[in-house]
Amino acid sequence: MIWVGAMLFIATTTWIGFEWSNRLANRPKHIRQVKNALQILEAEMMYSHLPLQDAFYTIQKQTPFPIHAFFDRLYKNMNYESKDFQVVWENSLETFMDISCLGKNEKEILLQFGQTLGKHDFLQQQKHIQLAASHLERELEAANEQYQRYGKMAKSLGVLCGVFIVLLLL
Amino acid sequence: MIEISRLFPERLQKEIECALTNRWETLQEIRLRLQQPIELIFNHSYEHLSSLVPDKRDFVHIIQQLSDYSLYRMEEELREGYMTIEGGHRVGLAGRVNTLNGSVKAIQYITFLNIRIAKQKLGAANKLMPHLYHNGYMNTLIVGAPQTGKTTLIRDITRIISSGWKHISPCKVGVIDERSEIAASIKGIPQHNLGLRTDVMDACPKAEGMMMMIRSMSPEVLIVDEIGGKKDVEALLEALHAGVVVICSVHGYSLEELKRRPGVQALLEKGIFNRFVLLHQKSPLQYTYTIFDSNHRNLSYAKMEGYAT
């Protein structure tokens with residue numbers, strides 16, 4: 001019986017370790033997705049002159065999960081959830097944070113970016129997009145580095161922690 | 001009036017709707033000024049809603065609604081200083097202007113808004129039409145001072161010609177709408193009823209627009225608003241030689257005064273207009289017109305229809 005419990009415990013810690021490592025691996029991936037989405041947004045604004053809602057629709061069609069879900073929600077809830085775009089943006093960002101592996105910094109960047117969206121002329125708008133993109137680039141580097149440093153360690157740490165505690169308790 | 005009240009933030013929306021309950025019909029303008037009470041202008045009076053003082057946030061909200069949350073798309077509108085919204089209503093903008101090489105680039109901080117309610121007066125030209133038709137439509141010049149109903153009349157003439165009346169069948173009509181007043185188009189879609197057989201060249205300079213229209217759309221009747229410049233007159237003569245009937249309006253108080261204006265003088269001297277319609281505003285909401293023939297003989301005098309008194 002004790003052995004079964006011990007095995008279950010080790011399995012759990014291993015899983016936690018893998019999950020952690022997974023998050024570390026996914027963060028740069030998701031940041032990259034957001035950056036791509038911003039690029040599409042820029043193109044839609046500058047060249048197609050689309051209004052935001054239509055731009056969001058194009059973006060959600062071209063992007064993979066989870067960023068797809070973010071723009072899909074924006075597209076569907078503009079004018080519907082609230083007439084204030086800021087509220088819709090913030091709520092969508094909250095839901096997005098739950099399903100993606102983005103960190104606090106990225107959230108802050110996107111929050112700031114949302115406040116500028118649709119309030120400026122082309123040139124200013126482009127600058128804001130580029131600013132957000134360069135902030136994200138910086139975060140991307142940090143996330144990559146973190147993954148290199150802790151990614152493998154997280155996996156083995158999970159298993160080892162489990163074994164360690166089991167040994168202590170036995 | 002949903003297309004207007006939807007612009008406002010909830011707080012203002014409720015109050016304005018309350019203040020207007022059954023006066024939408026007589027409302028002409030809603031004026032908003034930052035940190036000043038909202039002003040409502042009616043046909044006969046105006047009033048301030050002293051409890052309603054829009055702040056910066058309200059303005060941001062309204063402008064977001066006006067631009068579909070996409071201010072970057074309004075470059076043109078911010079340069080012109082006005083925009084047309086659904087229903088043909090006009091929103092005038094003022095504030096701090098950005099210039100580039102001495103010409104206006106855009107209004108940067110919008111702090112004054114003027115929402116002008118558009119009301120198409122169907123039937124304003126009903127009584128006029130028989131005088132403009134004699135074996136085909138006749139070249140007509142509509143003369144009037146500002147605010148005497150020139151555009152209203154010309155819009156209704158357009159509608160009637162292109163949808164036909166009594167035994168007269170509809171004609172192809174081309175409208176050159178330089179100031180987007182006749183059709184009030186949004187992205188090329190007219191917001192007013194101009195009849196079935198009307199083509200509109202929106203925001204196009206009159207002189208070029210007339211030639212473009214003749215080349216491309218083969219109209220039977222051309223409608224032009226507010227001619228005046230030398231180029232306009234030249235293009236107008238060109239159009240007349242192309243065999244198109246032209247109905248246009250011009251600023252002026254009387255026919256005598258028109259004769260003294262260099263651009264228009266040439267037109268009058270050539271005797272190309274068969275009908276002149278002189279507009280007068282007797283009192284608010286009482287518009288009258290007098291019709292003259294090519295020899296400036298008085299043919300008829302009537303009140304414009306379609307206005308509630």
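General observations
- When the Cα atoms of chain B are aligned to their principal axes, the ranges along those axes come out at 58, 47, 37 Å in descending order.
- For the protein assembly as shown, the Kirkwood hydrodynamic radius from C-alpha pairs, put into Stokes-Einstein at 20 °C and a viscosity of 1.002 mPa s, yields a diffusion coefficient of 79 µm² per second.
- Per-residue mean of C-beta atoms belonging to partner chains within 10 Å, peptide A:84-92: 2
- Using R0 = 51 Å, the C-beta based FRET efficiency linking A:Val163 and A:Asp54 works out to 0.40.
- A viscosity of 1.567 mPa s and a temperature of 4 °C, combined with the Kirkwood radius over Cα pairs in Stokes-Einstein, give a translational diffusion coefficient for the stretch B:89-188 of 79 µm²/s.
- A DSSP coil position with no more than 10 other Cβ atoms inside 10 Å describes the following trypsin sites (Lys or Arg not before Pro) in the stretch B:130-204: B:Lys166, B:Lys187.
- Computed from phi, the 3J(HN,Hα) profile of the stretch A:69-86 under the Karplus parametrisation 6.51, -1.76, 1.60 (θ = phi - 60°) reads 5, 4, 6, 4, 5, 4, 4, 6, 9, 4, 6, 9, 5, 7, 7, 8, 4, 4 Hz, with x in place of Gly and Pro.
- Angle between chain A longest axis and helix A:2-46 axis [Cα atoms, degrees, rounded to 10]: 10 degrees
- To the nearest ten degrees, helix A:122-169 and the longest principal axis of the Cα atoms of chain A are 10 degrees apart.
- Projected label distance in nm at B:Asn135 and B:Lys282, using a 7 Å step from Cα toward the beta-carbon: 3.6 nm
- Between B:Tyr253 and B:Arg57, residue separation times 0.36 nm minus the direct Cα-Cα distance comes to 66.1 nm.
- Nearest-20 debye value, chain B charge dipole, Cβ charges on Lys, Arg, Asp, Glu: 420 debye
- Subtracting the Cα-Cα distance of A:Lys76 and A:Thr116 from 0.36 nm times their residue separation leaves 12.4 nm of extension gain.
- In the structure shown, the pairs A:Lys107/B:Lys14; A:Lys35/A:Lys107; B:Lys127/B:Lys166 are assessed against 24 Å; a Cα-Cα span above that value is assigned to A:Lys107/B:Lys14.
No lab work stands behind these numbers, since they all come straight from the coordinates. These numbers were taken from a predicted model, which means no experiment stands behind them. For neighbour counting, all protein chains shown are included, and Cβ atoms are generated from backbone atoms with ideal geometry for every residue, glycine included.
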